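Undergrad: Below you will find the structure I want to go over with you.
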Amino acid sequence: MLKRKKPHRKRSKADASDPVAYKQRSIVGSKVQHGWREKTGVVTEWKGTVLDQLPVNPSLFLVKYDDFDCVYGIELFKDERVSTLQILPDKSGRTKIMDGDLAELIVGKAVEHMFEKDDGSKNEWRGMVLARAPVMTTWYYITYEKDPVLYMYQLLEDYKEGDLRILPDSENKQVLPTEPGEVIESLVGKQVEYVTEDGTKRTGLVIHQVQAKPSVYFIKFDDDFHIYVYDLVKTS
């Protein structure tokens, strides 16, 4: 079931009739709109920007849906629950790259990210800035220690406003959850198995390696549309 991941952190601010034809050209960078059939049979409407198409699984697209902070992995042309897929005419999701020096400063760094709660107080979330997002290049991929899902925010704005703090180098080593296994070569394309605390086994695919932190990977589990981020390093 495609669940809209409710933002656990509140910020104060913020027609194609034949889908098969679109398989012949890249839709990366395009705005898309489609229906999604829930388990109850109800069809919900979704609109967002296609960020990437994964070489390890060309059917899988990374999509940033409007008004939601996390990135979804969806097989737009293959999943039978997707209906009336439309590729909208403009590519308004593309943005200009700005503040290159500042971007280099935060990518690959452990950070504390400030969020505003419902009562107006602020809450710090410790995480790691993974990369500048493709297509929407004033946005950045980030994940959090307590919630290792792939998120996107306009972090340079937060940095300038004092809501993003880069942690000292001494605290920059261990932010992400780790899984055992020495990293010798790229694990992209490998099948993985993860056992939850209640003993449930989850299987998935390693879909991306983070350039700024080569031991860090994106994982797409078979039973979930969120993208998870793990540091696959050998632990002592």
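Undergrad: If you take the Cα Rg of region 33-160 and divide it by 2.2 N^0.38 Å, with N the number of residues, what do you get? Don't skip to the end; give the middle numbers.
TA: On the way: Rg = 16.4 Å, N = 128, 2.2 N^0.38 = 13.9 Å.
Dividing the Cα radius of gyration by 2.2 N^0.38 Å gives 1.18.
Undergrad: List the trypsin sites (Lys or Arg not before Pro) in region 49-85 that DSSP assigns to loop (not H, G, I, E or B) and whose Cβ has at most 16 other Cβ atoms within 10 Å. Which are they?
TA: Counting only loop positions with at most 16 other Cβ atoms within 10 Å, the trypsin sites (Lys or Arg not before Pro) in region 49-85 are Lys78, Arg81.
Undergrad: Using 0.36 nm per residue, how much length does the chain from Lys78 to Glu161 gain when fully extended, once their Cα-Cα distance is taken away?
TA: Numbers: separation 83, 0.36 × 83 = 29.88 nm, distance 4.20 nm.
Contour length minus Cα-Cα distance gives 25.7 nm.
Undergrad: Run through region 100-144 and list the GluC sites (Glu not before Pro) located in a DSSP loop whose Cβ has at most 15 other Cβ atoms within 10 Å.
TA: Taking region 100-144 and a limit of 15 other Cβ atoms within 10 Å, no loop GluC sites (Glu not before Pro) are found.
Undergrad: Same structure again: Sort Glu157, Glu38, Glu193 from largest to smallest accessible area, using a 1.4 Å probe on the heavy atoms of the protein chains. Walk me through the intermediate numbers first.
TA: Numbers: Glu157 80, Glu38 30, Glu193 115 Å².
The ranking, largest first, comes out as Glu193, Glu157, Glu38.
Undergrad: Give the dimensionless ratio obtained when the Cα radius of gyration of region 101-152 is divided by 2.2 N^0.38 Å. Mind showing how you got there, number by number?
TA: Working: Rg = 11.9 Å, N = 52, 2.2 N^0.38 = 9.9 Å.
Ratio of Cα Rg to 2.2 N^0.38 Å: 1.20.
Undergrad: Step through the table entries Lys47/Lys122; Lys78/Lys201; Lys122/Lys160; Lys78/Lys220, compare each Cα-Cα distance with 19 Å, and write down the pairs that go over it. Mind showing how you got there, number by number?
TA: Numbers: Lys47/Lys122 30 Å; Lys78/Lys201 25 Å; Lys122/Lys160 17 Å; Lys78/Lys220 16 Å.
Cα-Cα > 19 Å for Lys47/Lys122; Lys78/Lys201; rest within.
Undergrad: If ligands, DNA and RNA are left out, what is the accessible area of Lys220 with a 1.4 Å probe, given in Å² to the nearest 10?
TA: Surface open to solvent at Lys220 totals about 30 Å².
Undergrad: Rounded to the nearest 10 Å², what accessible area does Thr40 show when all protein chains are kept and the probe is 1.4 Å?
TA: 120
Undergrad: May I ask for the net charge around His208, where only other residues with Cβ less than 13 Å from the Cβ of His208 are counted and Lys, Arg are +1 while Asp, Glu are -1?
TA: Details: positive: Lys190, Lys213, Lys220; negative: Asp52.
Around His208, the surrounding residues sum to +2.
The values are calculated or read from the model by the stated rules, or taken from the named source; none is laboratory data. Everything numeric in this text was worked out from a predicted model, so none of it was measured. Note that each Cβ is placed from the backbone with ideal geometry, even for glycine, and that neighbours are counted across all protein chains shown. What goes into the accessible areas is simple: the full protein's heavy atoms, side chains included, and nothing from ligands, DNA or RNA. Shrake-Rupley method; radii C 1.70, N 1.55, O 1.52, S 1.80 Å.
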